[in-house]
Amino acid sequence: MLSNTKFPIQLSLFSLLFFIANFPMVQPRMVEKPEQKPNILIIFSDDHALAAISAYGSPYIQTPNIDRIGREGALFRNMFCTNSLCAPSRAALLTGKLSHVNGHRDNLSRFNAGQDMFPKRLQAIGYQTSWIGKWHLEANPQYFDYWTVLPGQGQYYNPDFIEMDGKTRRYEGYATDITTDKAIDWLERTRDKSKPFCLVVGQKAPHRNWLPDTTDLHAFDGVKFNIPPTFYDDYAGRIAAGKQEMNVYRDLRVVEDLKVGYKIPRMNEAQRKAWNAYYGPMAEDFKRQNLSGKALDEWKFQRYMNDYLGCVRSLDRNIGRMLDYLDAQQLSKNTVVIYASDQGFYLGEHGWFDKRFMYEESQHMPFLMRYPKLIKPGTTIDALLMGIDFAPTFLELAGATIPAEMQGKSIVPLLRKKSSKNWRQQVYYHYYEKGEHNVMKHFGIRTKRYKLIRFYGEGEFWELYDLQKDPQEMQNIYNDPAHQGLIVTLKKQLGDLAKAYADDEAMSLLSE
């Protein structure tokens, strides 16, 4: 009887074991983590010419760290600013709007920092935002969880920074290094590492008056830079070009720009010792030579290039520091890294320094981007881009809504290799500031081949360039009878763009 009562239990256990042994194991359901939002690092320098970046074929300098961004990501060959001036270009970056819409047409006005901008939209979806370094927009930054900015243009040596508590503090060292130190410190110690970040590193370099770090003072000793073929441009057929005051051999200041007897009161003892050891003998040699004519002109060019490129060396070195930090912290894979400058710059082309004009050297901006999750290494993109495209691009990458008021276009479809047939075929430009350097107000259109410019304010006249036949923009062909049909087409396209971008001033001038 006892055995009979145990049998059902034994049979039941046997059946259970048999079932377990022969039935396929049920795998636990894997719950996928939501897609991680990318971090965004924007390194935005000031006045960096494409001709001073080796990724763009510089004949003057190697920039291995900037090049690395393009080599491991994408190099954009046709990014253009919409107003070649420091503050307006930053306003376009932030707002995705042209100067007449965001309200910041020149360096003299005060920026409305409370308007809708990409950092506000990123904050709304959980990003931590930060701006460190050159800001140059007068009003204090808004929509940034952390900021520390240079007053105005800032200083190269022992710079002051305006802090969030309203106080201005001086930091000992070189501005490019200090800006990078502050950026890495924020990434390492201050940010909430549970959130994605968007960090803008605003570097002052290589803005005028080009004070290299003491480390780079001797970097180009013995180097003789080739004079650009347009250095002695006579500006024939180009009225505005002849009126400017940004000529290397006429308008550079011998003391402040070329450092003949220049004293910087902000320097500490070690900095001043290195500075005097380099520039003292140079100044004495300059006085001894008593140069004149072309010999003096070309001496000024060589001095200008030495100092400008010395600033670029420090900039590139510090970009390397940022990239190395991302690698060390395993942040590289999920961080969008962008290097750009607010505009291009003249390195003696047309005899000039500075920017402002719609000509290629200053309208053309460097732009390189790395994002391993989306961009194949070694990508090159030739589509026509504008500075107003930054903001919508950041928002789409982050998964945020792009407001309809933004006038730029996200470049993400280009990165995803989607067809670019519907991409823009022209870029728009409008420069407003009549003041320093005596550059006339003007606006215009650039296609892949042609550029049409309308100058105004001190007489109205036009310029037309065939960039395929005349890439250096030396021949204004506007009055050539052979191009009148082309001019009609370009004027129609320019009017359509002015209307689409709601540029009432340009539309009024075009209707005259």
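The values are calculated or read from the model by the stated rules, or taken from the named source; none is laboratory data. Predicted model, so just to flag it, every value in this text is computed and none were measured. Here the Cβ positions follow ideal geometry from the backbone for every residue, glycine too, while neighbour counts run over all protein chains shown. SASA here: full protein model, heavy atoms, side chains in, ligands and nucleic acids out. Shrake-Rupley method; radii C 1.70, N 1.55, O 1.52, S 1.80 Å.
Residue count for region 351-387 under the criterion of being touching a strand residue (DSSP E or B) at 6+ places or on another chain (Cβ under 9 Å) and under 26 Å from MET440 (Cα atoms): the result is 18. Residues in region 150-173 that are open to solvent by less than 10 Å² (accessible area, probe 1.4 Å) and either aromatic (Phe, Trp, Tyr) or farther than 19 Å from ARG208 by Cβ (or both): 3 in all.
ASP192 meets each of the listed conditions (1) under 24 Å from GLN128 (Cβ atoms); (2) within 21 Å of the chain's Cα centre (by Cα); (3) in contact (Cβ under 8 Å) with a residue 60 or more places away in the chain apart from (2).
Counting only residues that are touching a Gly at 6+ places or on another chain (Cβ under 7 Å) and among the small types (Gly, Ala, Ser), region 102-141 holds 1 of them. Listed here are the helices (runs of 4 or more DSSP H) enclosed by region 210-329 that have at least 1 residues being over 30 Å from the mean Cα position of the chain (by Cα), at pLDDT 95 or above and not hydroxyl-bearing (Ser, Thr, Tyr): 269-289, 293-328. For beta carbons closer than 6 Å, sequence separation of 6+ or different chains, a first residue in region 210-222 that is under 12 Å from LEU309 (Cα atoms) and a second that is at pLDDT 95 or above and not in a helix (DSSP H, G or I), the qualifying pairs are LEU211/TYR156; ASP213/TYR174.
ALA328 meets each of the listed conditions (1) of a type outside the set (Val, Ile, Thr); (2) touching a residue at least 40 places away in the same chain (Cβ under 8 Å); (3) open to solvent by 10 Å² or more (accessible area, probe 1.4 Å); (4) under 30 Å from ILE411 (Cα atoms) apart from (2).
Annotation note: of THR230, THR179, the sole residue that is open to solvent by less than 20 Å² (accessible area, probe 1.4 Å), in contact with a His (Cβ under 6 Å, 6 or more places away or on another chain) and in contact (Cβ under 8 Å) with a residue 24 or more places away in the chain is THR230.
Being open to solvent by 50 Å² or more (accessible area, probe 1.4 Å) and touching a residue at least 40 places away in the same chain (Cβ under 8 Å) is the filter here; which residues of region 482-509 pass it? Residues satisfying the conditions are GLN493, ALA502, ASP504, GLU505.
Does region 392-403 contain at least one residue that is within 15 Å of the chain's Cα centre (by Cα) and assigned to a strand (DSSP E or B)? Looking for residues that are within 15 Å of the chain's Cα centre (by Cα) and assigned to a strand (DSSP E or B), one finds none in region 392-403, hence no.
Of the residues making up region 304-325, those that are open to solvent by less than 20 Å² (accessible area, probe 1.4 Å) and touching a Leu at 6+ places or on another chain (Cβ under 8 Å) are TYR304, MET305, ASP307, TYR308, GLY310, CYS311, MET322.
For region 90-114, filtering for residues that are open to solvent by 10 Å² or more (accessible area, probe 1.4 Å) and hydroxyl-bearing (Ser, Thr, Tyr) leaves 1. In summary, LYS287 fulfils each of the numbered conditions (1) among the basic types (Lys, Arg); (2) open to solvent by less than 60 Å² (accessible area, probe 1.4 Å); (3) more than 26 Å from LYS355 (Cα to Cα) with the single exception of condition (2). Counting the residues of region 322-360 that are farther than 15 Å from PHE44 by Cα and of a type outside the set (Asp, Glu) gives 22. Of everything in region 134-149 that's touching a helix residue (DSSP H, G or I) at 6+ places or on another chain (Cβ under 7 Å) and assigned to a strand (DSSP E or B), which residue is nearest to ASP181 (Cα to Cα)? Among them, the one singled out is THR148. Has region 29-37 got any residue that is modelled with pLDDT under 95, among the hydrophobic types (A, V, I, L, M, F, W, C) and either surrounded by fewer than 13 Cβ atoms within 10 Å (Cβ to Cβ) or in a helix (DSSP H, G or I) (or both)? Yes, there is a match, as at least one residue in region 29-37 is modelled with pLDDT under 95, among the hydrophobic types (A, V, I, L, M, F, W, C) and either surrounded by fewer than 13 Cβ atoms within 10 Å (Cβ to Cβ) or in a helix (DSSP H, G or I) (or both). Answer with yes or no whether GLU172 is out of contact with any Pro (no Cβ under 6 Å at 6 or more places or on another chain), farther than 22 Å from GLY387 by Cα, modelled with pLDDT of 95 or more and outside any loop (DSSP other than H, G, I, E, B). So GLU172 does not fit the description; no. Filtering region 84-104 to residues that are at negative phi and not in a helix (DSSP H, G or I) leaves SER84, LEU85, LYS97, LEU98, HIS104. Against the conditions (1) in contact (Cβ under 8 Å) with a residue 24 or more places away in the chain; (2) touching a Pro at 6+ places or on another chain (Cβ under 9 Å), GLY444 satisfies every one except (2).
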